[in-house]
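Working notes, beginning with the structure itself.
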Amino acid sequence: MSQLQSLRGMVDLLPDQTRRWQVVEGVARAHFLRSGVEEIRTPLLEVTDLFARGIGEATDVVGKEMYSFLDRGDRSCTLRPEGTASVVRAALQHGLLSQGAQKLWYAGSMFRYERPQAGRQRQFHQIGVEFLGVSSARSDVEVIALAWDLLSDLGVSGLKLQINSLGTLEDRQRYRQQLVNWLEARVDQLDADSQQRLKSNPLRILDSKHSTTQALLENAPTLLDALTDDSSQRFEAVQRFLNQLEIPFQLNPRLVRGLDYYGHTAFEITSDQLGAQATVCGGGRYDGLVQQLGGPHTPAVGWALGMERLMLVLDAAAAADADGAAATLISEKAPDLYLVNRGDQAEVVALKLARQLRAAGVSVELDATGAAFGKQFKRADRSGASWAAVIGDEEAKAGELLLKSLLVNGEEHRVLLDDPAQLIAVLQATT
Ligand code: ATP
Ligand code: MG
């Protein structure tokens, strides 16, 4: 029978990867804990209308990337393509917003039907942050700093923070008209995709990856020039705070986010290690979304970070500097002890001892192959453990084990089996 494969763009994470993912997730969790940001977990499946209303029909995500289907009760369901709409829905559904401002984070799978390539999958993973009920420029910067500090802590260097202001809805509408007028006069120079967008979602043309369109846009009117004084001042405050925190940034007047609900501050953190899929983290302010989903007017700001792209950047950083923070962070952690054991009696004793030691916090790799001692020792060496404990039937009968250093040739201790504390003391003395 032919073997079954995973679906295109849906990727397995194998132990070598999950180990590294867990480290990154742990660092993120610790950051959120220290910053008073609490986790929220929402369903993978939502009613399609949530995303149609929350993200906007004219976006690529809703227009062509969603996994939508009718369930057995004929309801249109969608696998979530992003986290923000779900978080806002949950906050509204459970009345969280009436309890004051919310600082929330989430992590998990997202689904978009895109063309798979490096850093772009159909099931991918995001870690995201949403601050609901905060409006100040300072909150934009706190949220940006959270992403920046997390990435710095992971030891990924060479990142660029780009920021822009999308102003208010009125600013954008005014600018939209200016841009459409300008582009209509040059429509023959636009790529086909952008010609299409001229009618449906002209601001997204700014985001075009097409090189001739990009060149044309060099001279287009910019959103920053179309901002009212209030919007400009707000954006200047954001820049001032970033300067005060010594977080370097670049202005990118053509940065627009893919999703419709953004306004004022928009930002992306990019890496030059990622080729075309350069954006590791993207976010911004979305003051209109809560209302759009039926709630009270609630200002909000957040970001989402792509785990797959982060891991690519992290691997590059680790490869570039073997002693750097990234390499240390994702280096394989060896067990404290490798338990070599063989023989009917010995194997039971070893299994018991492994449980006792693990309960006491020692990480133990138990060799369960029953192979010859020599083979087990080879594996012990490869495991990276500093110590091997050897139990054969002879040791089991004598009620003791042989503890052999895998680092220092000839260093050995005989330790009583019924006194694991003695064994632990030897391990601790050497770590
Ligand atoms: P892009 O322009 O690369 O398609 P986007 O604007 O669609 O990104 P967002 O919706 O802002 O992306 O999602 C935030 C982050 O999630 C992105 O910066 C990226 O790191 C990651 N991401 C988005 N889509 C994918 C995907 N299909 N595969 C892997 N990661 C993704
Ligand atoms: Mg996209």
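Read the figures in this text as sums done on the coordinates, not as results from a lab. In this text, all values refer to a predicted model and were calculated from it rather than measured experimentally. Here the Cβ is made from the backbone with ideal geometry for all residues, glycine too, and neighbour counts use every protein chain on show.
For a test of the definition: using alpha carbon positions, the gyration tensor, and the 1.5 limit on a/c, classify region 337-429 as rounded, prolate or oblate. It comes out rounded by the Cα gyration axes. Shape of region 98-198 from its Cα gyration tensor (a ≥ b ≥ c, root eigenvalues): rounded if a/c is under 1.5, otherwise prolate when a/b > b/c, or oblate? Oblate. Size of the chain: Rg and Dmax of its alpha carbons, in Å, are 27.6, 93.
If I take every Cα pair under 8 Å that is 6 or more residues apart in the chain, average their sequence separation and divide by the length, what percent do I get for the relative contact order? For the chain, the relative contact order is 14 percent. Helix 344-359 and the longest principal axis of the Cα set of the chain meet at an angle near 40°. Answer rounded, prolate or oblate for region 366-410, using the Cα gyration tensor with square roots of eigenvalues a ≥ b ≥ c: rounded when a/c is under 1.5, else prolate when a/b is larger than b/c, else oblate. Here region 366-410 falls in the oblate category. For the pair residue 408 and residue 193 in one chain, pulling the backbone fully straight at 0.36 nm per residue adds 70.8 nm over the alpha carbon distance.
So which of 333/375; 64/160; 333/397; 333/378 end up more than 26 Å apart, counting from Cα to Cα? In this structure, 64/160; 333/397 exceed 26 Å between Cα atoms.
Take the Cα radius of gyration of region 333-376 and divide it by 2.2 N^0.38 Å, with N its residue count; two decimals is plenty.
Details: Rg = 10.4 Å, N = 44, 2.2 N^0.38 = 9.3 Å.
So region 333-376 has a normalised radius of gyration of 1.13.
For a label point 7 angstrom out from the Cα of residue 381 toward its Cβ, which stretches of region 405-422 have the backbone nitrogen within less than 13 Å? Flagged as within label range: 406-410.
Taking amide H positions as modeled 1.01 Å from N, with prolines and chain starts lacking one, the residues under 5 Å from residue 406 and 5 or more places away or on another chain are 387, 388.
What does the charge count around residue 413 come to, taking other residues whose C-beta lies under 14 Å from its C-beta (Lys +1, Arg +1, Asp -1, Glu -1)?
Neighbourhood net charge equals -3.
Near residue 280, the amide H atoms lying under 5 Å from its own belong to 269, 270, 271; only residues 5 or more places off or on other chains count, and H is placed 1.01 Å from N. Note on residue 177 and residue 421: the model spin-label points, each 7 Å out from Cα along the C-beta direction, lie 8.3 nm apart. Proximity of backbone amide H atoms, modeled 1.01 Å from N, is registered between residue 155 and no other residue at under 5 Å, excluding neighbours fewer than 5 places apart on the same chain. Listed peptides 63-70, 243-250 appear in the order 63-70, 243-250 once ranked by packing, highest mean of other Cβ atoms within 10 Å at the front. Identify which of 362, 313, 88 has the largest mean-square fluctuation in a Gaussian network model of the chain, with springs joining Cα atoms closer than 10 Å. In this elastic network of the chain, the residue with the biggest mean-square fluctuation among 362, 313, 88 is 362.
Per-peptide packing, taken as the mean over residues of other Cβ atoms within 10 Å, places 266-273, 354-361 in the sequence 266-273, 354-361 from highest down. Counting neighbouring Cβ atoms within 10 Å and putting the fewest first, the residues 197, 34 line up as 34, 197. Applying D = kT/(6 pi eta Rh) to region 312-387, where Rh is the Kirkwood radius over alpha-carbon pairs, T corresponds to 25 °C and eta to 0.890 mPa s, the Stokes-Einstein value obtained is 173 µm²/s.
Rounded to the nearest 10 degrees, the inclination of helix 373-383 to the longest alpha-carbon principal axis of the chain is 30 degrees.
The angle separating the long axis of helix 307-320 from the principal Cα axis of greatest extent in the chain is about 60 degrees.
Packing-based ranking of 41-50, 137-146 yields 137-146, 41-50, ordered from highest to lowest mean Cβ neighbour count within 10 Å. Distance from the Cα centroid of region 59-74 to that of region 230-251 is 38 Å (rounded to whole angstrom).
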